[in-house]
Amino acid sequence: MKRRKLDIGALPGATAKQLDDRFQVATPLRRLLNKVFPDHWSFLLGEIALFSFIILLLTGTFLTLFYDPSMREIEYEGSYTALRGVEMSAAYASSLDLSFDVRGGLIMRQMHHWAALLFMASIVVHMARVFFTGAFRKPREANWAIGLILFLLGFLAGFTGYSLPDDGLSGTGLRIASAIMLSIPVVGSWISSSVFGGEFPGHLIIGRFYIAHVLLIPGALLGLISAHLALVFKQKHTQWPGPMRTNSNVVGERMFPRYALKQGGFFMLVFGVVALMAGLFQINPIWLFGPYRAAEVSSASQPDWYVMFMDGLVRLMPAWQIDIPIGDGYVIPPLFWPAVVGLGALTTGPIFYPFIEARRYKDKKSHHLLQRPRDVPERTGVGAMALTFFVVATISGGNDVIADKFHISLNAMTWIGRIGLLVLPPLAYYLAVRICLGLQQHDREVLAHGVETGIIKRLPNGRFVEVHQPLGPVDEHGHPVPLDYAGWVVPKKMNRLGALGPAVRGFFYPIEKPAEAPTSPGMPPVQPREERKELTSGGQQ
Amino acid sequence: MTDVKHHGAHGAQDGDRPAVDLSDPTLTRFEIVREGARRDDIEIVTYESQFPHPGSKQEKRIERAIALLFILAGALAMAFLAVYIFWEWEFELGWTLSDYFTPLLGITLGFSLMCVGFAILAWAKKLLPHEISIQDRHEAMSTDEDRQITGQTMVYTVDELGVQRRPLLKGAVALGLAPLGLVAAAPLVGGLIRNPHKNETPEMYSTGFNPAFNNGQLVRLTREDGTPIRPDDVSVGGQMTVFPGIPHGATNEWADSPTLLIHLRSTDAEAARQANAGDPNEHNQDAMWGNYIAYSKICTHAGCPASLYEQQTNRLLCPCHQSQFLITDNARPIFGPASRRLPQLPITVDDEGFFVASSDYREAIGPDFWERP
Amino acid sequence: MTFDTPAGRGGPLKRLFGRRRGAPSRARRRLGSAVRMVAALTLAGGVYTVFAPGAFAEDTRQLSAAAQEGKALFDNSCISCHGRDGRGVEGRGPNLIGVGAASVEFQVGTGRMPMARQEAQAEEKPPQFDDAQVQQLAQYVQELGGGPVVPEGELVKDPEADPEAMAHGGELFRINCTSCHSFGGAGGALSSGKYAPSLNDATPRQIYAAMLSGPQNMPVFGDNQLTPDEKRDLITYINLQLQEDKDPGGLFNLGRYGPITEGVAIFLVGIVILTFSALWIAGKS
């Protein structure tokens, strides 16, 4: 019997055929391979968040192999000299072991922490991009809402993770969290007691935070991130207006090969930056903080940066306590307003913004073309206002360090924050709107009259006028025909029109020789000797 | 854009191009790909190599650069492994080589990954052909017919169950499922919800200085190691963190109990005594012993230890939210978000000359909450 | 294997990466006014000695030789605020009877005294006097009315010989010191412009003297509260762990100011690098 010869070359094809017989993947796979993505740098900001989430999953899984979520008191016997023999919780001891007695554990811990900071930072930057370009409009309101919930979940993931090492700093954070729960009217003491399983700190909280941090919150994050991406796939990405681009198409690159390759490369870059930061900058040196003891605290106790806005609001809140004189008397402590109401309103309120804006502009259409921030001054103003509020609150979250290092009175910093929080956002709104209107006006001017060339022409009657290079056709008098604004960058420099040499490439210094200015057929090259000749804007006529 | 070289047919009339016969053996692979794209409503407008002449000098140069990046990534990864395996890594005090273990790992790994990233990106950016494709969005709403059919189907499904027509079942389902839902909630409520006021000595209002926790005896003030404190242990202008002298009194079991014992100067002490005597709540009267005064260390705002004692201005500052309390005036909050004064622990000295708490705190300590009187 | 450098001298690498230096520009700014102040004081002291030689001669009889030198310095530089024989001047400077040599050693040794001007808190400056002069001044103030003295001898323990000293010192540090000076010893803000200074550049004797004397708003930690042995443990922790140990977690420790500098770093380094990368990736080549 003759054995049939195995044809290596036909093997992939045959396998593919067998697979398709069973799963019918050919058509959906082709659709996937053939998806067009628009290309713009600002569309990559959200990717940073996605990639840092993947890094968080990878490094976090490593950490769980060594971490012990137990509040059992043990005596530390590891290699860090200055804590040897100290009573501490098993959670803290295992975090120390991760840092000092697991080879490469410290770099993993630091990468995990830096990736968490990067995750939240890129969420905020990405959210700002989506807001200022109007990418949240119909039909993407749901994805905007998911994004905000992702921020809130990231906030919770970050806070639970910050608490797990059970060091002095994270214990202080837990204590504040317990106080925030206590401040809720009517049910506060019940909530705190239930969460901590008794009076603060109890013996359960680390275990509960652990399961929340490694299972519940990441599970929710994973689900919502998948939904977020699925919606981007289904609704296709927004794009900037431009040549060929309409509200009903997507102009860009197909997903394969180039776009996917770029994504892979960018992932490597994000991973590399996280690893590099983990090597260069020490983060959260828990060994200096000691085990958590209720009596111990450090000056400059702050949360991680994405919680700092809340902490800042808490610091700025005046001591306004509401007494309710019924029965024995009840109180609403001042902590309740910034920490519970403020946090809730700031994270959920923006969910409704797309609907508010649509209602205000009576806009029921679907939008797939982005808007430049200058074209919607009110929205840009609102965004600037929100961002200013966030920044002032965040800075106030570290106002003691700023006061100390820049030699400003701590009390003055608090007052600066209180006043700034009220005064600066409206100011930011006003400035942003004015700047937007100014930029709009300049765009319209260029479209109407052409690009300023810097060439001054003297008219026969002695007047001087600047010669403008029209962007489009001219009428019979040689005046430019006003153009409509297309919602996209208006060329404002001669080199963008090809009338001068292209801009020299290179960020800090030119990486190539500046190209010679091309000579336009209508305008003879300028001769050095012919200065006295009247300059003409030949191209116009 | 005029110098862009178009492959195949141009522009809008492309869409009307007849379908390609895929069985035609003369088709190039690109033509098949383009046909596939066309079926997904993608028009490949531009797909042109960045290099007019394959194998040009510039192309070779870029290839070499990318290859170099990959090799560099490999070398750095090897360096990572070498550091990981051979470098001193166990913690040692001082300036040791092991202090550079983590930085070296991060730097080698970071640069290695970045090299790979830049190599891939350069490959995509510099070597792959430029492409502009246009895909239709197809955000066509479902047709009215479709909406109608789906809507009717759903209503039909409900109708078929006949819940509307069968009120008995409706009631039975409600009666059957509601308890089952409660079963799901019961362990959460029963296991998780915990009454904070159930203990005999209510935990929200008592601390380790309550004699009930010390067999009715007055509780001594102790250091963190449990040793009791004599008055001359705290210098004038000094302060000491003290704990209840009961078993585990200095641990987190008694997280509400840490107290700050302060030895005031005599003039400040006099002011504090007068303020105590004039206390409107009458909690702080006779709470001091000599020039010594003791306040709860747990901030009434958010529970951090408010322990930054300024011995000249007699202020206590909380490092978390910068509330400031004036010690010589019943620890009244004078700045920041705290709205309630720090509770004062009444102290005295027992027969053996050690500090004791003459009773538990007379106010609830710690952060404010709703039912706190 | 360790770098073969004695404690206290970490070489240039250490200066680059590890320690936060004081603010020289500020110090330099203050220096000018301090010099003028000292000149004025010297002049005033000189005038005083000319016109009151009798009182001068009378006081010196019971003083030791070192204290006499100290008195001369005192009468030149300190008397305008702290008064004759250190009895203090209302509204200018406190009474120095009984503050002890430790207080002088801290205040003058760190350059806080003489003060350039009255302000919320005396600033650390380059010292006006050398070590010998500080000792003479300290001896003089000690002989005026007694008070705490920093003991002679090595204040930093050898962790090899006494392995528990570090851990014990760390515990004492966290319960007594971190609330103002912070976990990393970077210092922190107090109310209304006052602050707890960074411990990074403090010498063991200065730390010891500060605990004994409670300078500015720092509480006093007398020998009954923290025994001399416990003080040594504390100083051992501060010196070996916070000052001399290279942070194992990175080339830069971000000043050990806590999450605020980490937040700044993630934006200034992480987000900036990645945004520029995104610009490059999506840019038309």
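The values are calculated or read from the model by the stated rules, or taken from the named source; none is laboratory data. Keep in mind it's a predicted model, so treat the numbers as computed, not measured. A quick note on method: Cβ atoms are made from the backbone with ideal geometry, for glycine too, and the neighbour counts reach across all protein chains shown. These accessible areas exclude ligands, DNA and RNA; they are computed on the full protein's heavy atoms, side chains included. Shrake-Rupley method; radii C 1.70, N 1.55, O 1.52, S 1.80 Å.
Quick look at the values:
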{"quantity": "Solution diffusion estimate, µm²/s, Stokes-Einstein, the range C:66-149, Kirkwood Rh from C-alpha pairs, 37 °C, viscosity 0.692 mPa s", "calculated": "266"}
{"quantity": "For B:Asn314, net neighbour charge (Lys/Arg +1, Asp/Glu -1) across residues whose Cβ lies under 15 Å away", "calculated": "+2"}
{"quantity": "Relative frequency of Cα-Cα separations exceeding 62 Å in the protein assembly as shown, percent", "calculated": "25"}
{"quantity": "Average beta carbon contacts from partner chains per residue of A:113-125, 10 Å cutoff", "calculated": "4"}
{"quantity": "Over 22 Å between alpha carbons, listed pairs A:Lys236/A:Lys262; A:Lys492/B:Lys126; A:Lys35/A:Lys492; A:Lys138/A:Lys236; C:Lys71/C:Lys231; A:Lys262/B:Lys57", "calculated": "A:Lys492/B:Lys126; A:Lys35/A:Lys492; C:Lys71/C:Lys231; A:Lys262/B:Lys57"}
{"quantity": "Shielding score for A:356-365, defined as the mean number of other chain Cβ atoms within 10 Å", "calculated": "0"}
{"quantity": "Lys/Arg +1, Asp/Glu -1 at C-beta; chain B dipole; positive extreme among B:Ile44, B:Asn281, B:Cys304", "calculated": "B:Ile44"}
{"quantity": "Backbone HN-Hα couplings from phi across the range C:168-185 [Karplus 6.51/-1.76/1.60, Hz, Gly and Pro as x]", "calculated": "5, x, x, 4, 5, 4, 6, 8, 9, 10, 5, 4, 9, 8, 6, 4, x, x"}
{"quantity": "Over the range A:95-225 - Rg/Rh using Cα atoms and the Kirkwood inverse-distance radius", "calculated": "1.04"}
{"quantity": "√(5λ) per eigenvalue of the Cα gyration tensor, the range B:292-368, largest first, Å", "calculated": "23, 14, 10"}
{"quantity": "Other-chain or far-sequence residues with amide H under 5 Å of A:Gly397's (modelled H)", "calculated": "A:Gly312"}
{"quantity": "Packing rank of A:127-137, C:154-164, where each peptide gets the mean count of other beta carbons within 10 Å, highest leading", "calculated": "A:127-137, C:154-164"}
{"quantity": "Residue-averaged beta-carbon neighbours from other chains (10 angstrom radius) around B:200-209", "calculated": "1"}
{"quantity": "Mean Kyte hydropathy of -0.5 or more with a Cα span along the axis of at least 27 Å, helices from DSSP in chain A", "calculated": "A:45-64, A:105-132, A:141-163, A:260-280, A:377-396, A:410-449"}
{"quantity": "Antiparallel content of DSSP bridges confined to the protein assembly as shown, in %, to 5", "calculated": "95"}
{"quantity": "Contour minus Cα-Cα distance for A:Ile8 and A:Trp488 (0.36 nm per residue)", "calculated": "167.5 nm"}
{"quantity": "Degrees separating the helix B:266-277 axis from the principal Cα axis of chain B, which is the longest one", "calculated": "90"}
{"quantity": "With Cα atoms, 0 to 90° folded angle of helix B:101-122 axis to chain B main axis", "calculated": "30"}
{"quantity": "Centroid-to-centroid separation of the range A:207-252 and the range A:257-272 [C-alpha atoms, Å]", "calculated": "17"}
{"quantity": "Within the protein assembly as shown: Cβ-based charge dipole about Cα centre, in debye rounded to nearest 20 (Lys, Arg +1; Asp, Glu -1)", "calculated": "5160"}
{"quantity": "Within the range B:238-280: backbone nitrogen closer than 20 Å to the B:Ser359 label point (7 Å, Cα to C-beta)", "calculated": "B:244-245, B:257-260, B:273-280"}
{"quantity": "Where the Cα pairs of the range B:211-357 fall when distances are cut into 5 Å bins, in %", "calculated": "2, 11, 20, 23, 22, 15, 7, 1, 0"}
{"quantity": "Segment B:Arg64-B:Leu218, length gained on full extension (0.36 nm per residue, minus Cα span)", "calculated": "47.2 nm"}
{"quantity": "Sorted peptide list for B:47-58, A:327-338, B:298-309, criterion being average Cβ within 10 angstrom, highest first", "calculated": "B:298-309, A:327-338, B:47-58"}
{"quantity": "Cα-only radius of gyration and Dmax that characterise chain A, units Å", "calculated": "30.3, 106"}
{"quantity": "Hits among aspartates and glutamates - C-alpha to C-alpha of A:Lys364 under 17 Å, sequence gap 8 or more where chains match", "calculated": "A:Glu141, B:Glu139"}
{"quantity": "Helix axis angle, B:144-161 relative to chain B longest principal axis, alpha carbon, degrees", "calculated": "50"}
{"quantity": "Inter-label distance, nm, simple model (7 Å from Cα along the C-beta direction), B:Asp225/A:Thr15", "calculated": "6.9"}
{"quantity": "Cα centroid separation - the range A:78-108 against the range C:78-120, whole Å", "calculated": "46"}
{"quantity": "Rg over Rh, two decimals, the range C:122-238 (C-alpha only, Kirkwood Rh)", "calculated": "0.97"}
{"quantity": "Leading residue at positive end of dipole, chain A (Cβ point charges), from A:Ala432, A:Ile455, A:His113", "calculated": "A:Ile455"}
{"quantity": "Per-residue HN-Hα couplings for the range A:478-486 [Karplus 6.51, -1.76, 1.60; θ = phi - 60°; Hz; x = Gly/Pro]", "calculated": "x, 8, x, 7, x, 9, 7, 7, 9"}
{"quantity": "Largest-first ellipsoid semi-axes for the range A:251-333, taking √(5λ) over the Cα gyration tensor eigenvalues, angstrom", "calculated": "47, 25, 10"}
{"quantity": "Value of relative contact order over chain A, rounded to a whole percent, pairs C-alpha under 8 Å and six or more apart", "calculated": "15"}
{"quantity": "Charge sum, other residues only, whose C-beta stays under 13 Å from C:Thr275's C-beta, Lys/Arg counted +1 and Asp/Glu -1", "calculated": "0"}
{"quantity": "Apportionment of accessible area to carbon and sulfur, chain A, percent (1.4 Å)", "calculated": "66"}
{"quantity": "Accessible surface, per residue, of the protein assembly as shown when the full set of protein chains is kept, probe 1.4 Å, Å²", "calculated": "47"}
{"quantity": "Summed side-chain charge close to A:Asp68 - residues other than A:Asp68 whose Cβ falls under 11 Å, Lys, Arg +1, Asp, Glu -1", "calculated": "-1"}
{"quantity": "Taking all pairs of distinct alpha-carbon atoms in the range B:57-135, Kirkwood radius in angstrom", "calculated": "14.7"}
{"quantity": "The range B:137-220: trypsin sites (Lys or Arg not before Pro) falling in loop per DSSP and having at most 13 other Cβ within 10 Å", "calculated": "B:Arg165, B:Lys198"}
